[in-house]
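This report refers to the structure that appears directly beneath it.
The values are calculated or read from the model by the stated rules, or taken from the named source; none is laboratory data. Everything quoted here is computed from the prediction, not taken from an experiment. With ideal geometry, Cβ positions are generated from the backbone for all residues, glycine too; neighbour counts draw on all protein chains shown. Calculation scope for accessible area: heavy atoms of the full protein, side chains included, ligands and nucleic acids excluded. Shrake-Rupley method; radii C 1.70, N 1.55, O 1.52, S 1.80 Å.
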Amino acid sequence: MSVPEAGVPAVSIREVGPRDGLQIEKPVSLADKLRLVEALAATGVSRIEATSFVSPRAVPALADAESLAAELHRWPGIEFSALVAGIGGAKRAVAAGMKTVEYVVSASNGHSEANTRSTTEQATERIGEVVRIVHDAGGRVEVIVATAWDCPFDGPTDPDRVLRIAEQAKEFGADQFSIADTIGTATPGRVGRLIDAVGERVGDFGLGVHFHNTRGAGIACALAAVQHGVRNLDASTGGLGGCPFAPGASGNIATEELVYMLEDMGITTGIDLDASIRAAAVAEEIVGHTVPSNLLRAGDRKR
């Protein structure tokens, strides 16, 4: 399957830098986070994962979730979301005014135990209650499956574990479903096979994908996902990111690099590349170290 030269539907990129990008960094100030959101908003991105309502002891970099959420009204044209790992997090998120909540379920028991101290089955059983809490507050729920391809503790993930979670998410009334390559081991062939299997099992469920670039295949996996019909992709400014509960996990695919590839192929993202590169520079400044993005170093090519 190949991407046609014309008539390709627009792709929606969710910027996850403020959450996934910063969660393993040393805590940065609220003012710096807002400066980053401002730079990201200037790119034209329509969706931003702003924070996570999890234990501040476990993820101190996101301990200011409520304070950040209180400032997001400054950008009314952007759909902000927050990630949660349980019922308590869902309650905190809606109390803070978040209207889009991502509930993460690990497909592997090893990662689920490390991340939430519960099994995959127990985490899956909570989907219904999370959906009820968020829907009662007038919000939307996206179920995200972590370690969809491989787990740092359990090894390769049986695709049927992902498919069963997808079925449960749909049955419990989730609004969207995503699969995540938490430790960056996926390759384009495996990506295509799992995406096709999800589609066959649950149909059109607004499928999204989330790739880490740990082994350098993240952009290739993103392209494979688009070729297999996915139109919702996550990416992180500057390529920042990683999971504190998954040994070896490193940064996400860089937003500016994904935009560079897709726009050059004629696939509309709605994101301005120059502004995206500037946002990556802001991200690098606030974290205080070099970010992984190659495009930030090299710049856009002359057109």
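Structural remarks
- Modelled label positions at F153 and Q122, each set 7 Å beyond Cα in the direction of Cβ, lie 1.1 nm from each other.
- Applying 0.36 nm per residue to the separation of R35 and E200 and subtracting their alpha-carbon distance, the gain on full extension is 55.2 nm.
- Percent of C-alpha pairs per 20 Å bin, the chain, short to long: 37, 60, 3
- Extents of region 1-90, taken as max minus min of Cα coordinates on every principal axis and listed largest first, are 49, 28, 23 Å.
- Only helices enter the 222 nm calculation for the chain: every DSSP H run of n ≥ 4 contributes -39,500 (n - 2.57), and dividing by all residues gives -11500 deg cm²/dmol, rounded to 500.
- With both labels modelled 7 Å from their Cα along Cα-to-Cβ, the T268 to E171 distance reads 3.9 nm.
- Highest-MSF residue in the chain out of R201, R57, R231 [GNM, Cα springs under 10 Å]: R57
- Förster radius 22 Å - calculated FRET efficiency between T187 and A298 (Cβ-Cβ, nearest 0.05): 0.35
- Residue of D20, D234, D64 that the Gaussian network model of the chain assigns the largest fluctuation, springs spanning Cα pairs under 10 Å: D64
- 1.4 Å probe accessible area per residue over region 109-148, in Å²: 40 Å²
- For region 145-303, the relative contact order comes to 19 percent (Cα pairs under 8 Å, sequence separation of at least 6).
- Share of alpha-carbon pairs per 5 Å distance bin for region 200-303, given as whole %: 2, 12, 22, 23, 19, 12, 6, 2, 1
- Full-extension gain in nm, E285 to E71, via 0.36 nm per residue minus C-alpha separation: 74.9 nm
- Nitroxide proxy distance, nm - points 7 Å out along Cα→Cβ at H135 and A42: 4.1 nm
- Rounded percent of accessible protein surface that carbon and sulfur make up, the chain, 1.4 Å probe: 51 percent
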